[in-house]
Amino acid sequence: MFDDRVEISENAEARLRALLSEGAPASSAGAFASLPALLVDGDDTPEAIHARIELALLCAAEGLLDSALYQIDELTKDARRVRDLSGDESIVERADAAREAIEEAA
């Protein structure tokens, strides 16, 4: 479905990893594995959006840029919708910062 891993610069990887939360999984596989439990209550919760941001950032840091770009495109739209429902402004700020870093890495 997506292209293979690509090499990204150390600076780009460091920028992506700097956007991760302290409790972020160590890999995209770990982030993906944690999603089903969060999505039980739906994908319109701040927690689900933050988990999806972590997944997109980890994918990009691991060189899975096609996957990260696809995820972040939908994620930024969803973040705005969830912000409107929850009032959590940090969701959009974080999604936009992740999008910028992912697009720059690509």
_Between a residue in the stretch 8-20 that is farther than 12 Å from Cys59 by Cβ and any residue that is surrounded by fewer than 17 Cβ atoms within 10 Å (Cβ to Cβ), which pairs come within a Cβ distance under 8 Å, given they are 6 or more apart or on different chains?_
Ala12/Glu104; Arg15/Glu104; Leu19/Ala97
*Members of the stretch 38-80 found to be surrounded by fewer than 16 Cβ atoms within 10 Å (Cβ to Cβ) and among the aliphatic types (A, V, I, L, M), listed by number*: Leu39, Val40
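Tell me, yes or no, whether the stretch 81-104 has at least one residue that is under 15 Å from Ile8 (Cβ atoms) and of a type in the set (Gly, Ala, Ser). Before you say what the answer is, go through the steps one by one.
At the first step, the residues of the stretch 81-104 found to be under 15 Å from Ile8 (Cβ atoms) are 98, 100-104.
Then keep just the ones that are of a type in the set (Gly, Ala, Ser); that gives 98, 101.
Yes, the stretch 81-104 contains a residue that is under 15 Å from Ile8 (Cβ atoms) and of a type in the set (Gly, Ala, Ser).
If I ask for residues that are part of a helix (DSSP H, G or I) and among the charged types (D, E, K, R), which ones from the stretch 5-15 would you list?
Of all residues in the stretch 5-15, those part of a helix (DSSP H, G or I) come to 10-15.
Across the stretch 5-15, the qualifying residues are Glu10, Glu13, Arg15.
What tally of residues in the stretch 20-37 results from selecting those that are of a type outside the set (S, T, N, Q) and open to solvent by 50 Å² or more (accessible area, probe 1.4 Å)? Give the steps one after another, and end with the answer.
Kept after step one, since they are of a type outside the set (S, T, N, Q), are these residues of the stretch 20-37: 20, 22-26, 29-33, 35-37.
The next check asks that each one be open to solvent by 50 Å² or more (accessible area, probe 1.4 Å); those that pass are 22-23, 26, 29, 32-33, 36-37.
Number of matching residues: 8.
Among the candidates Arg5, Arg83, Arg17, which residue alone is more than 16 Å from Glu100 (Cα to Cα) and surrounded by fewer than 16 Cβ atoms within 10 Å (Cβ to Cβ)? Lay out the reasoning, then the answer.
Working: Arg83 fails: surrounded by fewer than 16 Cβ atoms within 10 Å (Cβ to Cβ); Arg17 fails: more than 16 Å from Glu100 (Cα to Cα).
Criteria check complete, one pass: Arg5.
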*Failed condition for Leu55, given (1) within 27 Å of Val6 (Cα to Cα); (2) without any contact (Cβ under 8 Å) to a residue 12 or more places away in the chain, with all others met?*
(2)
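The values are calculated or read from the model by the stated rules, or taken from the named source; none is laboratory data. Computed from a predicted model, the values in this text were never measured in an experiment. In this analysis, Cβ positions are derived from the backbone assuming ideal geometry, glycine residues included, and neighbour counts consider all displayed protein chains. Just the protein is used for accessible areas: all its heavy atoms, side chains included, with ligands, DNA and RNA removed. Shrake-Rupley method; radii C 1.70, N 1.55, O 1.52, S 1.80 Å.
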